[in-house]
Amino acid sequence: MIRHFVDLFDLTPQAARELLQLAIVIKREEQEGNRRLYLPGQMLGLLFEKPSLRTRVSFEAAMAQLGGSSIFLRGEEVGLGKRETIADFARVISQYVDVLTVRTFAQSNVEELARYATVPVINALSDSAHPCQAMADILTIHEALGELDGIRLVFVGDGNNVARSLALACALLGLEFVLTCPPDYDFPAEFRDQYTRTFPGVPLNVEHDPSKAVRDAHVVYTDIWTSMGQEAESAKRLEAFRAYQVNAAMFRLASPDAIFLHCLPAHREEEVTADVIDGPRSLIIPQAANRLHFQKALLVWLMQDKTNDGQGQPAQARARTTV
């Protein structure tokens, strides 16, 4: 059965921990100078309808470091759902590549690609989910704080794709998640309904007062206030989120050993002040680096039924670190 990575709603807690453990193992091997070619000869297809720095480079570098190669396709070159149907594209591209990564506007595009592709499909960002970012962020938190259970992560911003995937990753891995946002920028009802069905008994916390939300947080996380495609709302959003800027006064309310995270790119002096994002508790660079390490683990995990690590064993079988 083909594994896909379309939404964290599809992942089990056990699978989330396996992925995290594998990322820790592969990163440690890399740091020890032991770069294993887990995926020799394999081809990664990258279809991007939105521009990207970190996602594109980290995926291309990941596949190269695993011994494979990649091919990059811009959205206008493919015309997904316009020049040809998503089903046709999925069935054809599956003849050329071994795994397909997609960065697109609509979550439904990723789901339809996964429905018709005969190779694993990875969601590298959609309008409702950013699962690779969220899982890489959990890796950063684990490294920085040494544990996950009982960690309180507060996302300061709107209930966007990053916040939604972080909420799911926290639910899967035992962290407490809190969203603090203006009332009009809460999670959509359909996300809440699906969350409640998937994680009965795990609260989806929202606190509209940012000072209350951030108090005693172990992780303070924010994102830009206006994402790609929302430029027409920029002035309205700037006003709505003004009280939600992560600045030194807000950050002092968090736990003394709290860390600051941001998925980048950042707008200094808008959603976060320079003294916080460039301060000693900010881990934005290690956070960005972990996109590479998590995605290497994800590629190996998705393709482990097809490949092994050259020693006759699936790479995951050798993961020993406990998360």
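A few remarks follow.
- The packing ranking of peptides 194-202, 53-61, highest mean first, is 53-61, 194-202, where packing means the average number of other beta carbon atoms within 10 angstrom of each residue.
- Over 24 Å (Cα to Cα) - which of K50/K306; K50/K82; K50/K212 fall in this group: K50/K306; K50/K212
- In the distance distribution for segment 126-204, Cα-Cα pairs more than 18 Å apart total 37 percent.
- Value of Rg/Rh across the chain [Cα atoms, Kirkwood radius]: 0.96
- Relative contact order (%) - criterion: Cα under 8 Å, at least six apart; region: the chain: 22
- Phi angles across segment 83-88 convert, under the Karplus curve 6.51 cos²θ - 1.76 cosθ + 1.60 with θ = phi - 60°, into 3J(HN,Hα) values of 6, 8, 5, 4, 4, 4 Hz, Gly and Pro given as x.
- Whether segment 174-255 is rounded, prolate or oblate, judged on the alpha carbon gyration tensor where a/c under 1.5 counts as rounded: oblate
- Ranked by how many other beta carbons lie within 10 Å on average, peptides 78-88, 217-227 from highest: 217-227, 78-88
- Cα-based shape type of segment 221-280, given that a ≥ b ≥ c are square roots of the gyration tensor eigenvalues and the cut on a/c is 1.5: prolate
- Residues whose amide H falls under 5 Å from that of L125, counting only those 5 or more places apart or on a different chain, are T104, with hydrogens built in the peptide plane.
- Accessible area of segment 188-249 belonging to carbon and sulfur atoms, whole % at 1.4 Å probe: 50
- Note on segment 194-222 and segment 62-106: Cα centroid distance 35 Å, given to the nearest whole angstrom.
- Angle between the chain longest axis and helix 189-198 axis [Cα atoms, degrees, rounded to 10]: 70
- When R164, R242 are compared by accessible area at a 1.4 angstrom probe, the order from most to least is R242, R164.
- The sum of -39500 (n - 2.57) across all DSSP H runs of n ≥ 4, divided by the residue count of the chain, sets its helix-only mean residue ellipticity at 222 nm to -12000 deg cm²/dmol.
- Lys/Arg +1, Asp/Glu -1 at C-beta; the chain dipole; positive extreme among V214, L166, V154: L166
- The angle separating the long axis of helix 107-116 from the principal Cα axis of greatest extent in the chain is about 20 degrees.
- Segment 134-269 - percent relative contact order, Cα under 8 Å, separation 6 or more: 27
- Seen against the Cα atoms of the chain and their longest principal axis, helix 54-65 is set at about 40 degrees.
- Counting all C-alpha pairs of segment 113-258, share separated by more than 22 Å (%): 41
- Accessible area expressed per residue, segment 151-229, with surrounding protein chains retained (probe 1.4 Å, Å²): 37
- Rounded if a/c under 1.5, otherwise prolate or oblate - segment 64-147, Cα gyration tensor axes: prolate
The values are calculated or read from the model by the stated rules, or taken from the named source; none is laboratory data. Quantities reported herein were computed from a predicted structural model and do not represent experimental measurements. Every residue, glycine among them, receives a Cβ derived from its backbone with ideal geometry; neighbour counts consider all protein chains shown. Accessible surface is based on the protein model in full, side chains and every heavy atom, while ligands, DNA and RNA are left aside. Shrake-Rupley method; radii C 1.70, N 1.55, O 1.52, S 1.80 Å.
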